[in-house]
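Asker: Got a structure for you, questions after.
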Amino acid sequence: MTRVQTRRAVAGLFVAVLSLILLSSAKAWAQSRGETTTLTSSGNPGRPVIIPLTVRVKGAEAPSELELRTVDLTVSEDGEPQTILSVRAMGTNSPINLILLMQDDVVSSVGLEIKSLAEFLRRLPRGSRVSVGYLRAGSIQVRQKFTADLEKAAKSLRIPIGVASVAPYNPYVEIIDALKRFDAQPAGRRAILVVSDGLDVSRGVESSSPTQSLDLQRAINEAQRRSVAIYSFYAPTALTTTDSNLIANGQSSLQRLSDETGGRAFFQGFGAPVSFDPFIKELNARLDKQIALTYLSTHLKKGFHRVKITSSTPGVEVSYPTGYLR
């Protein structure tokens, strides 16, 4: 071997060793944060990310594993295409960790919906874990901690008090508190169903729009961090029964909360819904069509990562969190 060939061989060995050291460092950094890394097709370290999303195919029931293979999905993160690793149906038989939150000052007619909400809890998939709480002045009132006893959770529901004196100035602070309770629960499907007027008046009614509520944004961030889809049922309170501007602000805030966490907001005009039954029926349909999409993220830095999922399959609609924090 010539001197030039020897130098090239040594240089090649040095590059290979350096690459292994950098890869090991990246893995060690991720493992120290409780994460795993793998290699992308280009040889760079990546990290699997799981995004819960709802796939709705026009004219079809909940999609099966076989049907999901025919749905063409693409994922981008921070504007860059990512590689999909798997798409798995969860649907009807997959347990879910769910918190039901009721704002305690909603109008008295909502009390007639307790029976329907209790039946919704009873019919969740076997193995699901449920918690029930009420949003009120001060802090969240937990009526039932997480339990796998769905009957017990259903019986913990009570008629809301319905008076302004118990109203929370800001439902989103207590939603954030509820989100933290998922940290002690097993991994899997996670959701919150919140019945609220959606209005944050902690900084005055003039600052109650969805773009001005700092705690609304915090609630979205915490839900995205924990992969919790938030579904919301709008119900008026004494504050929102007569002021159309406040009603619009509350509904728009709930819409943003649900849209950016992969859930759905339900309204029936500006007033109290005649019945929650149509809402619950559609909510059940969406939970039945929920899937877990896993892709390989090439972004390992801390911070917010914006996600975009699209489908080129005709008649397919997808709902998903708009991003996540890490």
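The values are calculated or read from the model by the stated rules, or taken from the named source; none is laboratory data. Keep in mind that this is a model prediction, so the values were computed, not measured. Every residue, glycine as well, gets a Cβ built from its backbone with ideal geometry; the counts of neighbours run over all protein chains shown.
Asker: Does any residue of region 111-133 turn out to be among the hydroxyl-bearing types (Ser, Thr, Tyr), under 30 Å from Ile247 (Cα atoms) and either in a helix (DSSP H, G or I) or under 18 Å from the mean Cα position of the chain (by Cα) (or both)?
Answerer: Filtering region 111-133 for residues among the hydroxyl-bearing types (Ser, Thr, Tyr) gives 116, 128, 131.
Adding the requirement that they be under 30 Å from Ile247 (Cα atoms) leaves 116, 131.
Applying the additional criterion that residues be either in a helix (DSSP H, G or I) or under 18 Å from the mean Cα position of the chain (by Cα) (or both) yields 116, 131.
Yes, region 111-133 has at least one match.
Asker: Test Pro278 against the stated conditions and say whether it is in the same structural domain as Leu117 (by TED's automatic domain parsing), more than 25 Å from Asp200 (Cα to Cα) and at pLDDT 85 or above.
Answerer: Details: in the same structural domain as Leu117 (by TED's automatic domain parsing): yes; more than 25 Å from Asp200 (Cα to Cα): yes; at pLDDT 85 or above: yes.
Considered against the rule, which asks whether it is in the same structural domain as Leu117 (by TED's automatic domain parsing), more than 25 Å from Asp200 (Cα to Cα) and at pLDDT 85 or above, Pro278 comes out as yes.
Asker: Test each condition in (1) outside the structural domain of Asn170 (by TED's automatic domain parsing); (2) over 17 Å from Ile50 (Cβ atoms) for Arg264 and report the one that comes out false.
Answerer: Looking at each condition in turn, Arg264 falls short on (1).
Asker: I'd like the residue in region 280-296 that is farther than 19 Å from Asp72 by Cα and touching an Asp or Glu at 6+ places or on another chain (Cβ under 9 Å) and, out of all such residues, is surrounded by the fewest Cβ atoms within 10 Å (Cβ to Cβ). Steps first, answer last, please.
Answerer: Quick first cut of region 280-296, residues farther than 19 Å from Asp72 by Cα only: 280-288.
Next, only the ones that are touching an Asp or Glu at 6+ places or on another chain (Cβ under 9 Å) stay: 280, 285, 288.
On the way: Ile280: 19, Ala285: 13, Asp288: 18.
Of everything passing the filter in region 280-296, Ala285 is surrounded by the fewest Cβ atoms within 10 Å (Cβ to Cβ).
Asker: On to the next question. Is there any pair linking a residue in region 241-261 that is surrounded by fewer than 16 Cβ atoms within 10 Å (Cβ to Cβ) to one that is modelled with pLDDT of 90 or more, with Cβ under 8 Å and at least six apart or on different chains, and which?
Answerer: Within 8 Å, the pairs are Thr241/Val107.
Asker: Please enumerate the residues belonging to region 314-326 that are part of a loop (DSSP other than H, G, I, E, B) and touching a strand residue (DSSP E or B) at 6+ places or on another chain (Cβ under 8 Å). Don't jump to the end; show me each part of the working.
Answerer: Kept after step one, since they are part of a loop (DSSP other than H, G, I, E, B), are these residues of region 314-326: 314-315, 320, 322, 326.
Result: Gly315, Tyr320, Thr322, Arg326.
Asker: While we're here: Might you let me know whether region 139-151 holds any residue that is among the hydroxyl-bearing types (Ser, Thr, Tyr), out of contact with any Phe, Trp or Tyr (no Cβ under 8 Å at 6 or more places or on another chain), more than 24 Å from Arg226 (Cα to Cα) and without any contact (Cβ under 8 Å) to a residue 60 or more places away in the chain? Write out each step before concluding.
Answerer: Kept after step one, since they are among the hydroxyl-bearing types (Ser, Thr, Tyr), are these residues of region 139-151: 139, 147.
Then keep just the ones that are out of contact with any Phe, Trp or Tyr (no Cβ under 8 Å at 6 or more places or on another chain); that gives 139, 147.
Going one step further and asking which of them are more than 24 Å from Arg226 (Cα to Cα), we end up with none.
The answer is no, given that none of the residues of region 139-151 is among the hydroxyl-bearing types (Ser, Thr, Tyr), out of contact with any Phe, Trp or Tyr (no Cβ under 8 Å at 6 or more places or on another chain), more than 24 Å from Arg226 (Cα to Cα) and without any contact (Cβ under 8 Å) to a residue 60 or more places away in the chain.
Asker: Looking at this structure, is Phe270 more than 23 Å from Val49 (Cα to Cα), out of contact with any Leu (no Cβ under 7 Å at 6 or more places or on another chain) and at pLDDT below 85? Quick ask: steps written out before the conclusion?
Answerer: Details: more than 23 Å from Val49 (Cα to Cα): yes; out of contact with any Leu (no Cβ under 7 Å at 6 or more places or on another chain): yes; at pLDDT below 85: yes.
So Phe270 passes the test.
Asker: If you go through region 204-225 one residue at a time, do you hit one that is within 17 Å of the chain's Cα centre (by Cα), assigned to a loop (DSSP other than H, G, I, E, B) and closer than 21 Å to Leu98 by Cα? Working first, answer last.
Answerer: Start the filter on region 204-225 by keeping residues that are within 17 Å of the chain's Cα centre (by Cα), which leaves 215-225.
If we keep only those that are assigned to a loop (DSSP other than H, G, I, E, B) as well, we get none.
Taking every residue of region 204-225 in turn, none turns out to be within 17 Å of the chain's Cα centre (by Cα), assigned to a loop (DSSP other than H, G, I, E, B) and closer than 21 Å to Leu98 by Cα.
Asker: I've got another one for you. If Val316 meets every condition in (1) buried (at least 18 other Cβ atoms within 10 Å of the Cβ); (2) not assigned by TED's automatic domain parsing to the domain that holds Arg56 apart from one, which number is that one?
Answerer: With respect to (1) buried (at least 18 other Cβ atoms within 10 Å of the Cβ); (2) not assigned by TED's automatic domain parsing to the domain that holds Arg56, Val316 is out only on (2).
Asker: I'd like the residue in region 134-173 that is small (Gly, Ala, Ser) and part of a helix (DSSP H, G or I) and, out of all such residues, is nearest to Ser252 (Cα to Cα). Before you say what the answer is, go through the steps one by one.
Answerer: Applying the first criterion (small (Gly, Ala, Ser)) to region 134-173 yields 137-139, 148, 153-154, 156, 162, 164-165, 167.
So of that shortlist, the ones also part of a helix (DSSP H, G or I) come out as 153-154, 164-165.
Details: Ala153: 30, Ala154: 29, Ala164: 21, Ser165: 24 Å.
It comes out as Ala164.
Asker: Sticking with this structure for a sec: For region 227-258, name all the residues that are assigned to a loop (DSSP other than H, G, I, E, B) and at pLDDT 90 or above.
Answerer: Pass one, region 227-258, residues assigned to a loop (DSSP other than H, G, I, E, B): 227-228, 235-236, 238-243.
Hits for region 227-258 are Val228, Ala235, Pro236.
Asker: Also, I was wondering about something else. Got at least one residue in region 112-120 being farther than 18 Å from Val142 by Cβ, in the same structural domain as Ala229 (by TED's automatic domain parsing) and among the aliphatic types (A, V, I, L, M)?
Answerer: Filtering region 112-120 for residues farther than 18 Å from Val142 by Cβ gives 112-113, 115-116, 119-120.
Narrowing the set further to residues that are in the same structural domain as Ala229 (by TED's automatic domain parsing) leaves 112-113, 115-116, 119-120.
If we keep only those that are among the aliphatic types (A, V, I, L, M) too, we end up with 112.
There is at least one residue in region 112-120 that is farther than 18 Å from Val142 by Cβ, in the same structural domain as Ala229 (by TED's automatic domain parsing) and among the aliphatic types (A, V, I, L, M).
Asker: For region 302-313, name all the residues that are under 18 Å from Pro81 (Cβ atoms) and part of a loop (DSSP other than H, G, I, E, B).
Answerer: The initial filter retains those residues of region 302-313 that are under 18 Å from Pro81 (Cβ atoms), namely 305-313.
Within region 302-313, Ser312, Thr313 meet the criteria.
Asker: Return the pairs, sorted by first residue and then second, in which the second residue is modelled with pLDDT of 95 or more and assigned to a helix (DSSP H, G or I), the first residue lies in region 281-297 and is farther than 14 Å from Val49 by Cα and not assigned by TED's automatic domain parsing to the domain that holds Thr83, the beta carbons are less than 8 Å apart, and the residues are 6+ apart or on different chains.
Answerer: Pairs that qualify, where the first residue is farther than 14 Å from Val49 by Cα and not assigned by TED's automatic domain parsing to the domain that holds Thr83 and the partner is modelled with pLDDT of 95 or more and assigned to a helix (DSSP H, G or I), are Leu283/Phe120; Asn284/Phe120.
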